[in-house]
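The block underneath contains the structure these notes are about, expressed in structure tokens.
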Amino acid sequence: MSPTRSQAERDAMTVEIGFALLTGVFVAALAFGAVLSPLLFTDPGRTGTGVLLVAAGGAAGVAFVWRVVRVLRRFTGRRAG
């Protein structure tokens, strides 16, 4: 059975989740833009553009999940220690 959390602890977790999601979106947008940046300098054609879009979406998804997990693990590590 877990101990009852105080209102301050619940508020801190809410803020940390919001921070994780917000920075996750920011990092995902950066990853998406970085993968698509070759489109600014070249014209890879229809197939190449499609491949870059899929790769950019995958990179953005991975970057988002990585950032959210990293922030929340660091927060729980601070709380436990």
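If you work out Cα extents along the principal axes in Å from the coordinates, which of (1) 37, 23, 21; (2) 29, 23, 23; (3) 59, 20, 17 do you get?
Given (1) 37, 23, 21; (2) 29, 23, 23; (3) 59, 20, 17, the structure-derived one carries the label (3).
How far is helix 45-80 tilted off the main Cα axis of the chain, in degrees rounded to 10, range 0 to 90?
On a 0 to 90 degree scale, this one is about 10.
Would you mind working out the magnitude of the charge dipole of the chain relative to its Cα centre, with +1 at each Lys and Arg C-beta and -1 at each Asp and Glu C-beta, to the nearest 20 Debye?
The calculation lands at about 320 debye.
Farthest toward the dipole's positive end in the chain, which of F64, F41, A29, given Cβ charges of +1 (Lys, Arg) and -1 (Asp, Glu) about the Cα centre?
F64
Which log10 I(q)/I(0) values does segment 35-77 give at q = 0.25, 0.32 Å⁻¹ under the Debye formula, counting every alpha carbon as one identical point scatterer?
-0.80, -1.01
Pairing the Cα long axis of helix 7-36 with the longest principal axis of the chain, what angle in degrees results, from 0 to 90 and rounded to the nearest 10?
For 7-36 against the chain, the angle is about 10 degrees.
Highest mean first, what order results for 13-21, 67-75 on Cβ atoms within 10 Å?
Most protected by this proxy first, the peptides run 67-75, 13-21.
Where a number appears in this text, it was derived from the coordinates with a stated rule and is not lab data. Model, not experiment: these values are computed from the prediction. Reconstructed Cβ throughout: ideal geometry from the backbone, glycine too, with neighbour counts over all protein chains shown.
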